[in-house]
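What follows is calculated from the coordinates using simple rules that are stated; it is not laboratory data. Keep in mind that what you see is a predicted model, and the values were worked out from it rather than measured. We place every Cβ from the backbone using ideal geometry, glycine too, and count neighbours over all the protein chains shown.
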Amino acid sequence: MKRISVFLLALSVFAACGTVGKEDRVVLGDERLDEYIPLLEGKRVAVFSNQTGIVGDKVLSGGIDERYAEAVARGEHPDRSLIPFGQPVTGGHVVDVLLEKGVDVTVIFSPEHGFRGTADAGEQVGDSVDETTGVPVVSLYGAGKQEVGERAVSEFDVLLIDIQDVGLRFYTYYVTMKDLMDLCAEHGKKVVLLDRPNPNGFYVDGPVLDMRFKSGVGALPIPVVHGMTLGELALMINGEGWLSDGRQADLAVIPCLGYTHQTRYSLILAPSPNIRDMKAVYLYPSMCYFEGTVISLGRGTDYPFEVYGHPDMKDCSFTFTPQSVPGAKNPPLLGQECHGVDLRGLSDEEIWAGGVDLKYVADAFAKLGAGEDFFLGSNFFNLLTGNDYVREMILEGVSDEDIEARWAEDVEAFKEQRRPYLLYKE
C-alpha cells in the first residue's frame with residue numbers, strides 16, 4: 001500500500017463505516033464545516049470551484065415537487081423528470097459560506113466553462129472578479145494555465161477544492177485539480193478537498209489511458225469511468241506518485257457521510273452547460289467519442305449527449321437540427337438537418353447495464369458508411385479513447401463487444417490498484 005496519512009486513514013475508516021448520525025442521507029464534505037474551517041483559520045485561502053460548489057447541494061426551492069425533495073433528503077435516486085437542472089437552490093455557495101465564517105478568501109480558481117459554468121466546451125475564459133464577493137477569479141483552463149497558477153501561488157496558503165465532477169477520464173475538472181495539487185506540492189501549500197459523490201461512481205469501465213495519448217482530456221492512467229470520487233482520486237494521485245517528480249501534496253480530504261459506491265446520487269445542478277440531466281450524465285461515457293468524429297451528439301439542441309446523427313446517415317427516422325444556443329454557440333453541423341438516433345427513451349437501468357458502450361459509435365459508423373472519413377482529421381478520437389486500438393478495430397470491422405473485451409483485464413487490474421485509496425464501501 002502506498003503511503004497515506006494517518007489523518008486520512010482515520011477519515012477513511014469513519015466514512016466506510018457509514019456512521020451518519022441522525023441524518024439518513026448523503027452529507028457532502030462541504031457540509032462538515034467543523035472538520036475543515038479550523039484548517040483554514042488564519043490562512044489565506046484559494047478556492048477551486050464553480051457553480052456546483054453549493055454547500056450541501058440543498059434541496060431546490062420555488063414550488064419544487066415535494067416527492068423529489070423527500071427522495072433527495074433520504075439519499076435516494078429520484079425520478080429526474082421531477083426537476084430539470086438549473087433551478088435555484090437554497091444552499092449558499094462555498095465561497096459565500098467561507099466569507100460568512102470569516103475565512104480570508106483571496107483568490108478563486110475556475111475550471112473549464114468558467115466560475116459560473118456558462119462557457120462553451122474548450123472556450124477560453126479570461127480572469128475576472130466575482131461580482132457577488134469581489135474576490136479575483138483566475139481561469140486555469142486553456143493555454144498558459146501553469147504560468148497563471150505560478151503567478152497566483154503567492155496569493156494563498158491553503159487551497160480548498162469543492163467542485164462536482166462526473167467521474168470520467170475526459171471530464172477536465174480532475175485535470176485542473178491535479179495541476180493545482182502539483183503547484184501546491186511544489187510550493188508547500190496545503191490542499192483541503194471537500195468530497196462529493198460521483199454520479200457514475202457505481203462501476204468501473206472503459207480503456208485505461210495509454211500515457212502516449214496524455215492530453216487535456218486524459219491526464220492519468222485510469223479508465224474512462226474510474227468509479228472514484230475526487231477525494232479518492234486525489235489520494236491516488238498522491239499515493240501513486242503521479243505528480244511531477246513523484247512529489248506529494250499536503251492533502252486533507254473531508255469525506256462525505258452516508259455514501260457508498262453503490263449510491264445512485266442525483267445532481268441538482270448542471271456540472272457543465274451541455275450536461276443537462278441525469279440521462280446525459282449516464283450516457284456521457286458512451287457518447288463523448290462522437291466529439292472526435294463527424295457525427296453530432298446533439299450540441300445545439302435541448303438534448304446534447306442523448307442523440308446522435310449526421311445529414312448523410314441512412315435508415316434513420318429521427319431528425320434534429322443543431323442551432324447556436326448558450327453553451328453551444330457554434331456546434332458541429334450548425335443549421336444542418338441531421339438524421340440519427342434518439343436515446344432519450346432508454347431507461348437508466350438499460351444505460352447502466354451497457355457501461356461504456358461502443359454500440360452507438362459502431363451504429364453511426366455503419367450507417368454513415370464513410371470509412372476513415374468518419375473520424376475527424378485530428379487525433380482527437382484517440383485522445384478520448386486514450387489509445388489507438390479502438391479506432392483501428394472499428395475500421396477493421398471488429399464488433400463493439402470484442403473491442404470492449406480488450407480492456408476488461410486492464411479494468412480489473414485498475415480496480416485492485418485503486419483499492420487502497422477508496423474512502424467508501426464498494
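Placing dummy labels 7 Å off each Cα toward the beta-carbon, the span from GLU426 to ALA405 is 2.3 nm. Inter-part distance, the range 182-214 to the range 404-424, computed on C-alpha centroids, equals 15 Å. Using 0.36 nm per residue and subtracting the Cα-Cα separation, the extra length available between GLN336 and SER128 on full extension is 71.3 nm.
Applying the Kirkwood pairwise sum to the alpha-carbon positions of the range 278-387 produces a hydrodynamic radius of 14.0 angstrom.
How much net charge surrounds ARG247 when only the other residues with a Cβ under 10 Å from the Cβ of ARG247 are counted, with Lys and Arg +1 and Asp and Glu -1? Taking every other residue near ARG247 into account, the sum is -3. In this model, which of LYS214/LYS415; LYS178/LYS415; LYS178/LYS425; LYS367/LYS415; LYS214/LYS279; LYS101/LYS189 are farther than 26 Å apart at the alpha-carbon? Distance filter (> 26 Å) returns LYS367/LYS415; LYS214/LYS279.
Between SER215 and ASP302, the C-beta separation translates, for a Förster distance of 22 Å, into a calculated FRET efficiency of about 0.15. Whole Å is fine, so just give me how far the alpha carbon centre of the range 286-362 lies from that of the range 242-284. Distance between centres, Cα-based: 24 Å.
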